[in-house]
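First comes the structure, then the notes that go with it.
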Amino acid sequence: MVTKISGSKPGSVSFTVYLDSKLDHHCKMNGESQIIMEGHCPEKRIPPQVYADDKRKGIQFSAVLDLKISKGNGIVHILDDSKLRVEGSDWAIFLLVASSSFDGPFTKPSDSKKDPTSDSLNVLKSISNLSHVDLYAHHLDDYQNLFRRVSLQFSQSSRSVVCLKKNQDGRVPTTAERIKSFQMDEDPYLVELLFQFGRYLLISSSRPGTQVANLQGIWNKDLEPKWDSAPHLNINLEMNYWPSLPCNLSECQEPLFDFLSSLSVNGRKTAEVNYETSGWVVHHKSDIWAKSSADAGDVDWALWPMGGAWLCVHLWEHYTYTMDIDFLKDKAYPLLKGCGLFLLDWLIEGKGGYLETNPSTSPEHDFIAPDGNRASVSYSSTMDMAIIKEVFSVIVSAAEVLDKNEDDLVKRVRNAQSRLYPTKVAKDGSIMEWAQDFQDPDVHHRHLSHLFGLFPGHTMTIESMPDLCKAAENTLHKRGEEGPGWSTMWKAALWARLHDSEHSYRMVKHLIYFVDPEHEKAFRGGIYSNLFAAHPPFQIDANFGFTAAVAEMLVQSTLEDLYLLPALPRDYWGNGCVEGLVARGGLTVNICWKEGNLHRLGLWLKNWKSWRRFRLHYRETMVSVNLSCETMYTYNGRLDCVSTYSLL
């Protein structure tokens, strides 16, 4: 981390700086301008804090602060052997480097050979000859290479207000003021900002070589955070990565797939020991040690062996967006195969010859049992079956691409597909969450697990299952609009899949209200003044979900179909342009619209051998096109091709 402080007058910069931590640590000087902090984490998870006598049993960490000041003006004093006092400088530059002894999920802290202090000092040495200008330029190049791939601009429409006008006192409104006024002025530029903020957060918290973005990304400030700030696999971790592919950040998924590979190793042991099955399995809550077993806790959330299966869907999604066949062959398919083996063993034959899951839960929810008591465990929850249907469909599709149709696993999966327990509709016209039409004690529950097949899944579509989609619509009405931020954004994406722009926009609007951290109400959503999403407390999934939902409102796709502006709220985002979104099939999409109508479309196919055929859908119009690789195609609002040019 690099920070520069400059004074308005020469010699006006004076301060004292030191390092501190909530964890056990000590600080020392290294020369005349560096402070080194060395510490270690508890041996066991907190609460309670348990520090071992042997400090090596906990993860070691180190931070090195290097201080530079202006030459000629200013002096640095060492205070108490661990603080630096600057007096009379023109400016000061802080270089902070931190490292830990963590060496992957399969190396105990006591066995780690990593020296975090040496690692930190080596990093500082590698940049010692770079100026602040050089470092800033490197920073810009590093993140803007990813960030600038997508742009979104909403022009002022008939019912939108330009909200960056100055207040009566001549000030440009603060971010907090813009959030507070959104319910009245519906500032479209704040939507733009939140959309790009989600992309920026993903760029900042999930890069190759790092850990997955957890419940708070990387921005946890507590020793004992809510829900351990852990990777939760029954919606939260998956939502964190929803924007990565459509919003042109596929590289940011690499930590997710590294994590999934580690989970599969431990998950193989869990499948064998806990379930006596083949393959591998992961439950709801994990950690940096890739824990795969069921957590200690209430059965409605702890006993849910579908976490790994859900994550496997991301493997196929990565292929469909990037068309990276080497990734599919070398990384994705082996993981899919292990997941499929577990699911085949986990399924049992029930009444009527259907293949079912039993026991089965629907994440964090319960029902009224026939005896009048609340219960959580039944059989064949709709989410269980929807995830299995999705994974089996993915395995079959991947096998076709890789010419593995004759594999024994693929044959078993094909035989099982037609026998999977079906999705059912309740008497009130909504989709049943469990195999039986139980009474729901909380119809406004935050989870929308039984709608997985609609989004993020693809087994329930308007074209193939209009009746179930109508039941999904009824389910969304029944669930209502209240809930934490991530729930609201899941609803926005679900409404978008139903091509319902009004309700999708209502969910977007529902998230954008101001939350004061001193007076927050749990599970109500909203955003703080720094644009972090409120659960409350802060939970980052809604930020990512917001970005993904907006992208879903503008572009939807399959490997053969591209849907343009399927859920555009024309009254609020009447004019605009989006460039750089990615569709399945390796297609980059640029769209401009005026007065709510498609004006111009640009398509660019990459990562493909020659050409592909797509069906373009805009409202009632469908046009089939053949697209050659590395050629930019431009279409007008009637989907007539008006120009082409090579990008080579």
Against the longest principal axis of the chain, how steep is helix 175-185, in degrees 0 to 90 to the nearest 10, with axes from Cα atoms? 30 degrees
Suppose we keep just the DSSP beta bridges with both residues in the range 599-648; what percent of those would be antiparallel, to 5? 95 percent
Calculated FRET value between LYS226 and ARG85, using beta carbons and R₀ = 41 Å, to 0.05: 0.60
Set the Förster distance to 25 Å, then compute FRET efficiency between MET632 and GLU595 from the Cβ-Cβ distance, nearest 0.05. 0.50
Just want to confirm a number: the relative contact order over the chain, from Cα pairs under 8 angstrom separated by 6+ residues, in percent. 11 percent
Which of the peptides 217-229, 196-208 is most tightly packed, and how do the rest follow, judged by the mean count of other Cβ atoms within 10 Å per residue? 196-208, 217-229
Burial ranking of peptide ranges 240-252, 85-97 (average Cβ count within 10 Å, highest at the top): 240-252, 85-97
Give the long-range amide H neighbours of LYS285: residues separated by 5 or more places, or on another chain, with amide H under 5 Å away, using H modelled in the peptide plane at 1.01 Å from N. LEU233, ASP295
³J(HN,Hα) computed for each position of the range 142-147 - Karplus, 6.51 cos²θ - 1.76 cosθ + 1.60, integer Hz, glycine/proline x: 5, 8, 6, 4, 8, 5
Taking R0 as 25 Å, what FRET efficiency do you get between ASN405 and LYS606 from their Cβ-Cβ distance, rounded to the nearest 0.05? 0.35
What does the net charge come to around HIS365 if you take all other residues with beta carbon closer than 14 Å to its beta carbon, with K and R at +1 and D and E at -1? -4
16 Å cut-off, amide nitrogen to a point 7 angstrom out along HIS444 Cα→Cβ, residues in the range 493-507: 507
Provide LEU84, LEU121 in ascending order of the number of other Cβ atoms located within 10 Å of each residue's Cβ, fewest first. LEU121, LEU84
Compute the length gained on full extension between LYS114 and THR174: take 0.36 nm times their separation in residues and subtract their Cα-Cα distance, giving the result in nm to one decimal. 17.1 nm
With n ≥ 4 as the cut-off for DSSP H runs, can you work out [θ] at 222 nm for the chain, using -39500 (n - 2.57) per run divided by the number of residues, rounded to the nearest 500? -9500 deg cm²/dmol
In sequence order, calculated HN-Hα J values of the range 484-495 (Karplus, 6.51, -1.76, 1.60; Hz; x Gly/Pro): x, x, 5, 5, 4, 6, 5, 4, 4, 5, 5, 4
Each residue of the range 598-614 in order: what ³J(HN,Hα) in whole Hz does its phi give by Karplus 6.51 cos²θ - 1.76 cosθ + 1.60, θ = phi - 60°, with x for Gly and Pro? 4, 10, 8, 10, x, 10, 9, 9, 9, 6, 9, 5, 9, 9, 9, 9, 10
Most packed first (mean Cβ within 10 Å per residue), the peptides 564-575, 1-12 order as 564-575, 1-12
Report the gain in length on full extension from ASP185 to ARG615: 0.36 nm times residue separation, minus Cα-Cα distance, nm rounded to one decimal. 151.1 nm
Cut-off 11 Å, label 7 Å out along Cα→Cβ of VAL396, residues of the range 275-301 by amide N: none
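Read the figures in this text as sums done on the coordinates, not as results from a lab. The shown structure was predicted, so the numbers you read here are calculated from the model rather than taken from an experiment. Note that we place each Cβ from the backbone using ideal geometry, even for glycine, and neighbour counts take in every protein chain shown.
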